[in-house]
Amino acid sequence: MDSRASATLTVSELMRGRWALTPVTAALLAANLAVFVAMLAHGAGLWHSPNHVQLAWGASFGPATRDGEWWRLGAAMFVHFGFVHLAVNMWALWDSGRFVERLYGHARFLAIYGAGGMAGNLVSLLAHGDRAVSGGASGAIFSAYGALLVWLWRERRQIHPVEFRWLFGGAAAFAAATIAMGLLIPGIDNAAHVGGLVCGALAGRALARPISAHSPAPGVGRWVAAAALCGAVIALVAALPAPEYRWREEQKARTEIREFLAGERRIAERWRTIVETGKTQGASFEELAARIESDITSEYRDSFEQLSALDLDPAAPSAGALEKLKRYAQRRGDASHELSEALLRNDPQRIREALDALRRAPYDAGDKTSPEPAKQ
């Protein structure tokens, strides 16, 4: 049997290999499915997941990732936004991963997959900035296709021409068609696809291992590819612009806004209690004024100070809501204090004015109702 026949047989055997020969691919499939099921159990939708769920599970987002949460570059590879997104990616992983894992070996395939996924997310971060939440395994899967194309091209002289055209042409056509779809269909992260494909090609060249004694020697090209990959990653990181706002400050602001809205519900209950006390127990104006000052005015003033202490960039999504709440807390605090003073002086006109100011506070703050926190 000549060398070409032997090589052709080896490739065919790899294509028919058992699952036991590709434990990394199996583990990656299982991990992606497990994360998706867990997300469904924690608020994700079967067809689409809200952004806050995606972010909670590690999707990449410019302000969050660049604010020190670099782990998102890896975690985002396992976050899918719906069943169709997951199904397409898992089919592509099953189709390519088993073959590439056999060609490169378990450890090298895992390195190619992980590096390609993170590099793709890094390119996506550079391309989309602070405008998009991204996730999915497609960047990592494209890195597997990039490595496959490089391996096939290097070993083309040992593979039967028909088999080479089928394998190389199929992989290239899939990559090209998917990228073309990304140009036509909104929401497809082509930046991650291209970044993963290029990274996979470079990593595949650096990590390629011979299929037989007739395989080309790695040569200096291996080190050139490795250096190019490292240089590209360094250049990408250096090119990342500063985020428009600090994610941790935005998260802190959202927490404070939620606490303020919860406190507003408590204050509404206290108002009802004070009114009922005045009606049913015949409390004096002095007693009502003291209750208003201690239970209402002090609460609004404390809330205003807590909201004012936040150092939130004006570009942050919650900046507008935060400013409205600050104005609202200040006006409600001032009006409730004015009401308690009017009650102490038994001044009907001032009482009416204070009550009117309390009713106008939401409008004066910039909205008809207490504003809701901004959502990504």
- Task: Go through region 314-349 and count every residue that is in contact with a helix residue (DSSP H, G or I) (Cβ under 7 Å, 6 or more places away or on another chain) and outside any helix (DSSP H, G or I).
- Result: 4
- Query: Does R331 satisfy being closer than 30 Å to R248 by Cα, without any contact (Cβ under 8 Å) to a residue 40 or more places away in the chain and in contact with an Asp or Glu (Cβ under 7 Å, 6 or more places away or on another chain)?
  - Reply: yes
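Conditions tested, residue by residue: (1) of a type in the set (S, T, N, Q); (2) closer than 12 Å to L339 by Cβ; (3) part of a helix (DSSP H, G or I); (4) under 46 Å from the mean Cα position of the chain (by Cα).
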residue	(1), (2), (3), (4)
A262	no, no, yes, yes
R266	no, no, yes, yes
E269	no, no, yes, yes
T273	yes, no, yes, yes
E276	no, no, yes, no
E287	no, no, yes, no
S294	yes, no, yes, yes
S303	yes, no, yes, yes
- Item | Count of residues meeting criterion [over 17 Å from L261 (Cβ atoms) and of a type in the set (A, V, I, L, M, F, W, C)] in region 298-326 | 3
- Note on the structure: Over region 164-198, the set of residues farther than 16 Å from S96 by Cα and open to solvent by less than 60 Å² (accessible area, probe 1.4 Å) is I179, A180, G182, I188, D189, N190, A191, A192, G195
- Query: Do the conditions hold for F174, that is, is it in contact (Cβ under 8 Å) with a residue 24 or more places away in the chain, closer than 19 Å to L236 by Cα and either of a type outside the set (S, T, Y) or not in a helix (DSSP H, G or I) (or both)?
  - Reply: no
- Pairing a residue in region 32-61 that is within 21 Å of G117 (Cα to Cα) and open to solvent by less than 40 Å² (accessible area, probe 1.4 Å) with any residue that is among the β-branched types (V, I, T) and in a helix (DSSP H, G or I), where Cβ atoms lie under 9 Å and the two sit 6 or more apart in sequence or on different chains, gives M39/V53; G58/V35; A59/V53
- Query: Mind checking whether some residue in region 139-154 is under 27 Å from E244 (Cβ atoms), crowded, with 16+ Cβ neighbours inside 10 Å, in contact with an Asp or Glu (Cβ under 8 Å, 6 or more places away or on another chain) and in contact (Cβ under 8 Å) with a residue 12 or more places away in the chain?
  - Reply: yes
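The values are calculated or read from the model by the stated rules, or taken from the named source; none is laboratory data. The model shown is predicted, which means the values in this text are computed figures rather than measured ones. Cβ atoms come from the backbone with ideal geometry, glycine included; neighbour counts cover every protein chain shown. Note: areas computed on protein heavy atoms with side chains; ligands, DNA, RNA excluded. Shrake-Rupley method; radii C 1.70, N 1.55, O 1.52, S 1.80 Å.
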